[in-house]
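Quick note: the coordinates plus some simple rules give every number you see, no bench work behind them. In this text the structure is predicted, and so the values were computed from the model without any measurement. Virtual Cβ from ideal backbone geometry, glycine too; neighbours counted across all protein chains shown.
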Amino acid sequence: MTTVTLAATEPARLAVDVLAVAVAAGPSGPVLLGPALPEDLRARVAAQARALGITGEVDEVRRMTTDGEVAAPVLALVGVGDPSPDPEALRRASGAVTREVTGVGSIGLAFPADDAALVGAVAEGALLGAYAFTRYREPRPAARPVDRVELVTPLAKEKPARQAIERADVVAKAVHAVRDLVNTAPADLFPAAFADHARAAAKGTKVKVTVLDEKALAAGGYGGLVAVGMGSARPPRLVKVVHAPARAKRSVALVGKGITFDSGGLSIKPAKAMETMKSDMAGAAAVLHTVLAAAALDLPVAVTGWLCLAENMPSGSAQRPSDVITQRGGTTVEVLNTDAEGRLVLADGLVAAIEEGPDLVVDIATLTGAQIVALGTRVSAVMGTEHVRDQLVSAAATSGELVWPMPLPGELRAGLKSSVADIANVASDRSGGMLTAGVFLREFVGETPWAHIDIAGPSFNEGKPWGYTPAGGTGVGVRTLLALLEG
């Protein structure tokens, strides 16, 4: 993985393959930000800006030779947009550099980084952008992520800056691990394989992993997980992942949807809609690696992750529309649509989590297509107990992830009434489907402070890469959850 080090050296003397400089979109043309470059080079950049297409707009990366005016042979001009960029703008810009400038050994970052928060943001972006999924093929040499990044800052020898770098490394490794899981083919990542990954990832740490197999799930009354997994030859699992520091005064439970492939079951999806359904376990992946990152950062809060793992397949043994299942805790659910399976496995996980009495619980899931209709592919939805919801919104703002608070209107509960069970898993009226799913989940949390994050769109990027976000799995959610735990 790419490494980031701090340097107090003047940018002109930095011995790297590419020197990256932040450029803002000023009212009269592009404006170079950060540590000063030699005046001759700055003048040449200004003179060639129009010809090279340098505007300073967000996500723009332009390269030019330096002709020996600085130690680096190539200069990369990276757009940050506003002349007073916030930490996320710098995070995104540094990620754009390392995502686009590949096949080199080293990159120097001459960005505004004169406090520890900015140092952390720039380093985190650079590490997040330097990602390649290599399980099935190695990238060609020209596409390999950079080996080493040197970040120019006057704080290079100060402890807060070094700590910011260390945190950025932990965060990026967690996000990369989630991306790898989401990008893995469903033939290779099924519930038992996911559980094995959790055990392997926790090996050598103080994180404890417990796995319930299909027999234990049936005996424990986990009717949602059992029912969703019935159609697959590869049975479900519930994985419990625990970070329990001795000095913890608060406890948080994280519950993740882990449908390793979602065909829709007997309520089968169109073929095109299945192409990205290997990503339906992104919530569970985010929970697993958030807990591991919390342990790596030695956060003084007890965190228990619950990974609700199943494969939703159609077969002669699959659950049927109109089946009635009994969730963990005794609530009966009429299953009217087998493609609304995520809420069934989450309900089991939420009940199990709340049985242990956490101070608050957060679930995260690729739950509804309605989330994409409402908020698009970059903004996650968060709903639940108001103060927990607001904490998550604040944590997301700190981390740089995009979320939007949504309501849980009480009148939507009427649409989930069933004539044969306590509740139906879908409403007859499809409007407000994202909110209805949240209302369903609320039935299983009682009085415990709770929030639900729907990451259906942001978890998997089907479009072009942008900023530090690659195509495919994005690793969304980890940074928000970590910021919540740190707060």
Antiparallel bridges, percent of DSSP beta bridges restricted to the chain (to nearest 5): 40
Listed peptides 237-243, 247-253 by packing density, highest first (mean Cβ within 10 Å): 237-243, 247-253
Binned Cα-Cα distance frequencies in segment 187-280 - 5 Å width, integer %: 2, 11, 19, 21, 18, 13, 8, 4, 2, 1, 0
Fully extended contour minus Cα-Cα distance, from Arg378 to Ala47, at 0.36 nm per residue: 115.5 nm
Nearest-ten-degree value, helix 39-52 long axis tilted from longest Cα axis of the chain: 60
Listed peptides 224-235, 73-84, 454-465 by packing density, highest first (mean Cβ within 10 Å): 224-235, 454-465, 73-84
C-alpha center-to-center spacing [segment 410-487, segment 283-323] in angstrom: 14
Angle between the chain longest axis and helix 282-296 axis [Cα atoms, degrees, rounded to 10]: 60
For the chain, with +1 on Lys and Arg beta carbons and -1 on Asp and Glu, the positive-most of Leu41, Thr332, Val393 along the dipole: Thr332
0 to 90° range, to nearest 10: angle between helix 191-202 axis and the chain longest Cα axis: 50
Trypsin sites (Lys or Arg not before Pro) restricted to DSSP loop in segment 138-196 with at most 15 other C-beta within 10 Å: Lys157
Debye equation applied to the C-alpha atoms of the chain, log10 I(q)/I(0) at 0.07, 0.13, 0.14 Å⁻¹: -0.38, -1.12, -1.24
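Return the subset of Lys206/Lys257; Lys208/Lys257; Lys173/Lys203 for which the Cα-Cα distance in this structure is over 22 Å, preserving the input order. Can you show the working numbers first?
Details: Lys206/Lys257 24 Å; Lys208/Lys257 20 Å; Lys173/Lys203 16 Å.
Listed pairs above 22 Å: Lys206/Lys257.
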Descending semi-axes in Å of segment 3-153, equivalent ellipsoid built from Cα gyration tensor: 22, 17, 16
Distance from segment 341-372 to segment 26-89 (C-alpha centre basis), Å: 46
